[in-house]
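Presented below is the structure to which this report refers.
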Amino acid sequence: MLEPVVRVQGLTKVFKSLKAVDSVSFSIFPGEILGLLGPNGAGKTTIIHMLLGLTTQTSGSIQVFGLDLRKHRREIVQDVNFSSSYVSMPNSLTVKESLKVFARLYKTEKREKRIQELLEAFEIAGIKDKLVRHLSSGQQTRLNLAKALINDPKVLFLDEPTASLDPDIADKTRTLLRSIKKDRNISILYTSHNMKEMEEMSDRIIFLHKGQIIAEGQPEEVIRSFGRANLEEVFLKVAREEEA
């Protein structure tokens with residue numbers, strides 16, 4: 001059996017009186033897209049921040065590539081990357097300058113070639129000299145995704161990666177990510193509020209509610225366990241029962 005590239009055990013995060021993540025355990029395997037699903041406030045972003053070492057867990061353990069994240073973070077992050085539609089790049093740099101900065105930080109080999117490949121892949125080569133502060137939200141999202149692949153990561157955390165993209169670019173982005181996953185055996189943790197996208201992209205899904213895992217399995221297994229026709233119906237059932 002394959003060894004997981006990410007192993008999370010008993011992960012808990014408490015902010016004052018709020019338990020944002022409550023004893024969560026899961027693994028991500030090589031070449032797998034694991035969907036992290038749940039209503040706002042379920043703990044998804046907090047989990048990603050802990051997996052990146054940006055937030056320290058209250059208890060529990062995180063291992064990446066078999067190494068403890070708290071002890072080996074500097075070593076681990078060289079082969080990990082992250083993209084979110086809600087994180088901005090430096091406003092005073094151009095698109096290409098931004099990618100050059102991150103290419104140097106990650107010690108990317110053949111930087112110019114890699115940057116050009118990504119500019120073309122995300123269809124932003126034509127705006128490479130444009131300042132980031134002048135980009136549209138969709139252009140910023142594509143720049144963020146290009147940055148996330150600059151170091152050819154083994155593990156990629158994607159938080160709402162297509163939220164600001166038009167349907168055409170979003171579809172091309174999903175196709176590109178699936179191709180990269182297949183060709184390079186990359187492992188991806190994926191969040192989205194687009195339920196059709198989650199069904200399409202995820203090999204497995206973890207459904208979070210109030211910081212706890214309430215369902216886990218392949219998309220069709222999770223759908224079946226709730227007795228619904230699709231993930232959107234599952235999501236609405238959970239969200240509306242909470243409101244009630």
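Okay, residues lined up against (1) more than 14 Å from the chain's Cα centre (by Cα); (2) more than 23 Å from M201 (Cα to Cα):
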site	(1), (2)
K13	yes, yes
S17	yes, yes
L37	no, no
T45	no, no
T55	yes, yes
S59	yes, yes
V64	yes, no
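Annotation: of all residues in segment 1-29 being at pLDDT 95 or above and assigned to a loop (DSSP other than H, G, I, E, B), the one that is nearest to N230 (Cα to Cα) is F29.
Which residues, taken from segment 201-229, are in contact with a Lys or Arg (Cβ under 8 Å, 6 or more places away or on another chain) and either surrounded by fewer than 15 Cβ atoms within 10 Å (Cβ to Cβ) or among the small types (G, A, S) (or both)? Listed by number, the residues that qualify are G211, G217, Q218. Just one of (1) of a type in the set (S, T, Y); (2) surrounded by 14 or more Cβ atoms within 10 Å (Cβ to Cβ); (3) free of Cβ contacts under 8 Å to residues at least 40 places away in the same chain; (4) over 30 Å from D152 (Cβ atoms) trips up S17, so point out which. The single condition S17 does not satisfy is (2). Figure legend. Inter-residue proximity from segment 38-61: first residues surrounded by fewer than 16 Cβ atoms within 10 Å (Cβ to Cβ), second residues of a type in the set (S, T, N, Q) and outside any loop (DSSP other than H, G, I, E, B), beta-carbon distance below 9 Å, spacing 6+ or different chains. Indicated pairs: T58/T12; S59/T12; S59/S23; S61/Q9. A residue that is crowded, with 16+ Cβ neighbours inside 10 Å, touching a Lys or Arg at 6+ places or on another chain (Cβ under 6 Å), more than 30 Å from K196 (Cβ to Cβ) and among the polar types (S, T, N, Q) can be found somewhere in segment 104-115. Restricting the search to segment 95-138, which residues are free of Cβ contacts under 8 Å to residues at least 40 places away in the same chain, within 22 Å of L176 (Cα to Cα) and either in contact with a strand residue (DSSP E or B) (Cβ under 9 Å, 6 or more places away or on another chain) or among the basic types (K, R) (or both)? Answer for segment 95-138, where residues must be free of Cβ contacts under 8 Å to residues at least 40 places away in the same chain, within 22 Å of L176 (Cα to Cα) and either in contact with a strand residue (DSSP E or B) (Cβ under 9 Å, 6 or more places away or on another chain) or among the basic types (K, R) (or both): K96, K100, K110, R111, K113, R114, I127, K128. If you check K154, K128, K100, K172 for being in contact with a Phe, Trp or Tyr (Cβ under 8 Å, 6 or more places away or on another chain), crowded, with 16+ Cβ neighbours inside 10 Å and basic (K, R), only one passes: K154.
The values are calculated or read from the model by the stated rules, or taken from the named source; none is laboratory data. The shown structure was predicted, so the numbers you read here are calculated from the model rather than taken from an experiment. Ideal geometry is used to build each Cβ from the backbone, glycine not excepted, and the neighbour counts take in all protein chains shown.
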